[in-house]
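Notes follow the structure.
Please treat every number below as a calculation from the coordinates, not as lab data. Every value quoted in this text rests on a predicted model; they were computed, and no experiment measured them. Every residue, glycine among them, receives a Cβ derived from its backbone with ideal geometry; neighbour counts consider all protein chains shown.
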Amino acid sequence: MSWRTVIISQRCKLDLNMGYMVVRGEDTRRVFLDEIAILVLESPAISITGALLSALSKNKTRIIFCDEKRSPYGELELYYGSHDSSRKLRIQMGWTAEQKGLIWTGIVAEKIRNQAKHLNDLGHIKECTMLMGYLDELEFCDSTNREGHAAKVYFNAIFGMDFSRGQDSPINAALNYGYGLILSAVNREVAINGYCSQIGLFHDNVFNPYNLSSDLMEPFRVIVDRMVVGMNIVEFGTEQKRELASMLNDLILIDMSRQTLLNAIKIYVKSVFDAVNDEDPSIIKFAEI
């Protein structure tokens with residue numbers, strides 16, 4: 001079972017040898033291929049062989065490419081993640097608005113619930129109460145946008161009234177980096193299960209290749225928020241990126257067992273697909289965050 005998040009940040013060459021990824025830089029290091037769940041290439045100066053790309057793809061490893069600022073900007077998308085991808089795509093295309101709306105409502109409720117818990121843990125009782133009120137007002141498919149109202153209250157409480165998600169700031173850089181890692185982990189599970197990441201439950205931006213993953217990742221965003229609040233970020237650099245990447249191996253509770261975040265995402269994503277197909281949001285296995 002793959003479990004490691006490997007980050008390559010310096011100029012080097014990556015190639016394949018006897019089932020290992022070989023990192024040839026100032027030193028030569030080897031990483032067993034089957035252990036790598038996510039590979040982050042932080043520098044444009046990294047070269048990688050076609051043989052290694054092919055082997056990583058067959059292992060369902062998610063490969064994230066970064067720009068000159070070392071921020072994620074893309075990832076390798078597989079054509080086929082499952083032996084029955086065509087059948088799954090037919091099923092996905094047949095999902096009704098009722099099916100999708102039912103599951104999306106459950107996901108939004110869990111996201112707001114997690115945000116309220118985070119606010120309560122930080123001592124923002126007034127704002128926590130407001131979010132619980134939004135939760136009570138939640139309608140089918142969140143037709144009144146309780147998610148958006150909750151987000152405004154939530155972010156202003158934890159980062160200050162002057163904070164905006166649209167700002168160019170170290171805090172937003174950290175949030176975006178962390179969210180990007182979780183999105184990639186969800187993308188991996190969507191592909192492995194044979195579904196199409198472009199076709200979402202709620203998100204339907206024609207320019208977003210990850211609409212479905214953007215839907216599914218919502219309850220996990222609070223994990224990144226907690227870390228960023230605790231880091232007291234003044235600047236966002238390599239050290240902060242390493243700390244955020246480590247969250248993927250942190251243990252959380254899901255389905256009555258302690259799992260790494262990567263495994264929890266695997267369990268959760270599979271349960272969401274079961275829930276959509278059975279039209280039963282009660283079988284979604286949410287993590288305790």
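Observations on the structure shown:
- Within the stretch 13-70: Cβ-based charge dipole about Cα centre, in debye rounded to nearest 20 (Lys, Arg +1; Asp, Glu -1): 140 debye
- For the chain, the relative contact order works out to 16 percent when only alpha carbon pairs closer than 8 Å and six or more residues apart are counted.
- Counting every alpha-carbon pair across the chain, the share separated by more than 31 Å comes to 29%.
- For the chain, the longest principal axis of the Cα atoms and the long axis of helix 170-192 meet at an angle of about 80 degrees.
- The chain: angle of helix 125-137 to the longest principal axis, Cα-based, in degrees nearest 10: 80 degrees
- Computed over the chain with a Gaussian network model linking Cα atoms closer than 10 Å, the most mobile of Phe65, Phe163, Phe207 is Phe207.
- Among Ser271, Ser57, Ser47: highest mean-square fluctuation, GNM of the chain, C-alpha pairs under 10 Å: Ser47
- In order along the stretch 24-38, the phi-based Karplus estimate (6.51 cos²θ - 1.76 cosθ + 1.60, θ = phi - 60°) of 3J(HN,Hα) comes to 9, x, 4, 10, 10, 10, 10, 10, 4, 4, 5, 8, 8, 8, 9 Hz; Gly and Pro are listed as x.
- Ranked packing of 276-287, 102-113, most packed first, by mean Cβ within 10 Å: 102-113, 276-287
- The C-alpha atoms of the chain define a longest principal axis, and helix 146-159 lies at about 70 degrees to it.
- The amide H of Arg62, built 1.01 Å from its N in the peptide plane, has Ile38, Leu39 as neighbours under 5 Å, considering only residues 5 or more places off or on other chains.
- The ellipsoid equivalent to the alpha-carbon distribution of the stretch 116-158 has semi-axes of 19, 10, 7 angstrom, derived from the gyration tensor eigenvalues as √(5λ) and listed largest first.
- Taking 7 Å steps out from each Cα toward its Cβ at Asp67 and Glu98 produces label points 4.5 nm apart.
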